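The values are calculated or read from the model by the stated rules, or taken from the named source; none is laboratory data. Only a predicted model underlies this, so the values are computations on that prediction, with no experimental measurement involved. A quick note on method: Cβ atoms are made from the backbone with ideal geometry, for glycine too, and the neighbour counts reach across all protein chains shown. With ligands, DNA and RNA removed, areas are computed over all heavy atoms of the protein, side chains included. Shrake-Rupley method; radii C 1.70, N 1.55, O 1.52, S 1.80 Å.
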Amino acid sequence: MSQKSFLTVKANSKDQSMATRSLMLGFACLIFLGRATPVQAQVDYHGNDSPWGQRAESGPDADVPGWLYNLGITGLRAQLVADQPKALLIKYVFPKSPADGHVNIGDLIIGAGGQSFKEKHRDGYGENVFGADGPISELASVLDASQSADGKGKLSLTLQRGGETKEVVLDVGQKYGSFAATYPGTCAKSDKILVELLEYVAKHQQEDGSFGDPVHNTFAPLALLASGDAKYLAAVERNVRYHSRECRAKENRYGLVNWTYMSAAIVLCEYHLATGEKWVLPELQEIHDRMAKGQYLHMSQINPKAKKSHPDSFPKGPKDSHGGWGHNPGFEGYGPIAMLTGQGALAYSLMHRCGIKVDREKHDAAFTFLKKGTGPNGYVWYGDQIGGGPDGWADMGRTGATGIANFLSPYSEPAYRERAMSHAKVIGKHPQSFPDTHGSPPMGMAYTALAANIDPDSFRKLMDANRWWFTMAHCTDGSFYYQPNRDNAGYGADSRMTASSVVAFIFTIPKRSLVITGKGQKQ
């Protein structure tokens with residue numbers, strides 16, 4: 001399918017009616033495919049300075065003049081430009097970084113490691129442009145290799161400056177080394193990165209126990225818990241107690257509350273399963289009851305205003321959207337979506353393991369919702385209908401959440417594991433979209449990695465195809481950066497905490513120390 005026809009299918013589907021207005025509701029960073037706003041590559045072809053003009057409001061990137069590509073631990077930030085498709089335009093150099101004093105703002109990087117970049121950049125959104133082929137991935141490969149024993153910690157860059165070509169050599173050091181072929185498992189570099197990220201995440205916990213938004217509050221505590229390091233248990237407990245308070249505070253409030261409930265349910269379950277702490281169970285029961293009450297199961301739950309405000313989303317019958325969760329309890333304006341329903345089904349599966357009584361009819365209603373929205377190839381679309389052709393695919397966050405929910409289903413029928421493997425396989429077949437989606441890319445990355453982990457071959461394909469991202473998102477202070485994306489949802493307030501939390505979590509997956517990462521499962 002061509003990019004044009006793919007995007008046309010998406011624009012005509014239910015998938016594309018949602019996100020623009022939802023992004024304004026406050027926690028829009030958790031919406032994964034949305035309304036058909038003009039889809040463009042990350043190059044500013046249309047002259048609207050997107051995404052390059054967007055600024056971080058605070059944090060270590062507040063002085064950076066836009067949402068730019070981080071070029072790994074070099075200390076450089078770059079923009080892609082349409083008339084230089086084999087170059088990276090430098091827009092910022094961090095003081096005291098390896099590039100400081102060697103590379104200037106306005107320089108064009110046209111090669112690395114003594115070789116000119118060979119491919120044109122093609123970043124953007126769609127089947128034909130997912131991935132970072134071109135200068136980004138080529139530089140990433142050289143940068144990672146330069147940190148190895150053979151690379152001696154020296155990165156050679158070819159620059160164009162003022163009409164002249166020159167070579168500079170950056171001392172990037174050998175502190176981390178290169179990623180092993182098995183990364184993030186059995187990899188010294190991954191281990192060093194993880195140690196630093198766990199400290200970074202723990203340091204950014206707030207006084208009330210929160211780490212920030214529901215993305216942080218899902219994956220930061222899970223990463224700390226999965227580390228197996230007892231020194232982080234107190235921080236995890238503070239977050240679990242925060243989740244409990246927050247869920248009670250949100251009861252009967254309008255807002256995107258189901259994101260909070262899903263995050264809390266998953267974290268509390270894993271905490272109880274890891275520690276056996278019984279005080280968590282009454283809190284978990286309350287969250288279960290709110291989730292069960294909010295699951296859409298009957299047309300009487302629909303706010304009558306939704307028919308007028310969102311006619312395209314209004315159910316056409318009692319089984320349309322049945323079994324899913326939307327942003328708010330019951331059926332709110334846009335109705336149930338697959339990303340939340342996948343998390344809801346996963347939460348029910350984990351609750352069952354904790355001894356919470358889960359109504360199987362409701363649980364299977366969620367699985368049915370997800371099945372209806374899954375294409376023959378295992379790709380999960382926005383809602384409970386297939387939004388494209390049988391082989392269509394895009395970003396994989398929904399597929400990941402659905403895959404791990406099916407894999408952990410407590411029921412014995414083989415269909416659940418079969419579906420889970422189908423979801424894992426399609427991720428392995430199309431790993432390019434891993435870091436590139438509408439909504440919260442880091443959250444999608446975490447769930448995508450979880451489902452891929454069901455099938456070792458698919459997980460390996462996913463990590464191999466995206467080694468460039470883990471190389472380039474790594475910053476000089478050891479944190480990870482939220483790279484430019486199709487559009488923003490979550491970049492700005494803190495450009496590091498979101499990515500750092502998720503990368504820390506992904507790098508704990510090989511430890512298999514949580515139920516969602518394979519604890520107790522045969523390898």
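In the chain, Cα pairs under 8 Å separated by at least six residues give a relative contact order of 18 percent. If you find the alpha carbon centre of the stretch 213-242 and of the stretch 297-356, how far apart are they in angstrom? The distance from the Cα centre of the stretch 213-242 to that of the stretch 297-356 comes to 28 Å.
Every helix of 4 or more DSSP H residues in the chain counts as -39500 (n - 2.57), and over all residues that averages to -12500 deg cm²/dmol at 222 nm. Cβ-Cβ distance of A181 and D391, R₀ of 45 Å, FRET efficiency by 1/(1 + (r/R0)^6): the value works out to about 0.90. Estimated at 0.36 nm per residue, the fully extended path between R360 and K152 surpasses their Cα-Cα distance by 69.1 nm.
For V169, the solvent-accessible surface computed with a 1.4 Å probe is close to 80 Å², ligands and nucleic acids excluded. Residues whose amide H lies under 5 Å from that of R161, counting only those 5 or more places away or on a different chain, are K166; hydrogens are built 1.01 Å from N in the peptide plane. Estimated at 0.36 nm per residue, the fully extended path between K203 and E57 surpasses their Cα-Cα distance by 50.6 nm. In this calculation the C-beta distance from E167 to D83 is compared with R0 = 22 Å, giving a FRET efficiency of 0.40.
The separation of the stretch 129-164 from the stretch 455-523, counted between C-alpha centres, amounts to 21 Å.
In this rough spin-label picture, where each label sits 7 Å from Cα along the Cβ direction, the K316-D457 distance is 3.8 nm.
Exposed loop positions in the chain were taken to be trypsin sites (Lys or Arg not before Pro) whose DSSP state is not H, G, I, E or B and which have at most 15 other beta-carbon atoms within 10 angstrom. Between these positions, the longest stretch is 358-518. Amide hydrogen proximity for S156: with H placed 1.01 Å from N in the peptide plane, the residues at 5 or more positions away or on another chain lying under 5 Å are G113, L170.
Compared with the direct C-alpha span, the chain from Q115 to Y411 gains 101.1 nm at full extension, assuming 0.36 nm per residue. Averaged per residue, the chain has 37 square angstrom of accessible surface, using a 1.4 angstrom probe with ligands and nucleic acids left out.
Once you divide the Cα radius of gyration of the stretch 391-523 by 2.2 N^0.38 Å, the number left is 1.04.
Go ahead and run the numbers for FRET between K429 and A188, Cβ-Cβ distance against an R0 of 41 Å, rounding to 0.05. After rounding to 0.05, the efficiency reads 0.85.
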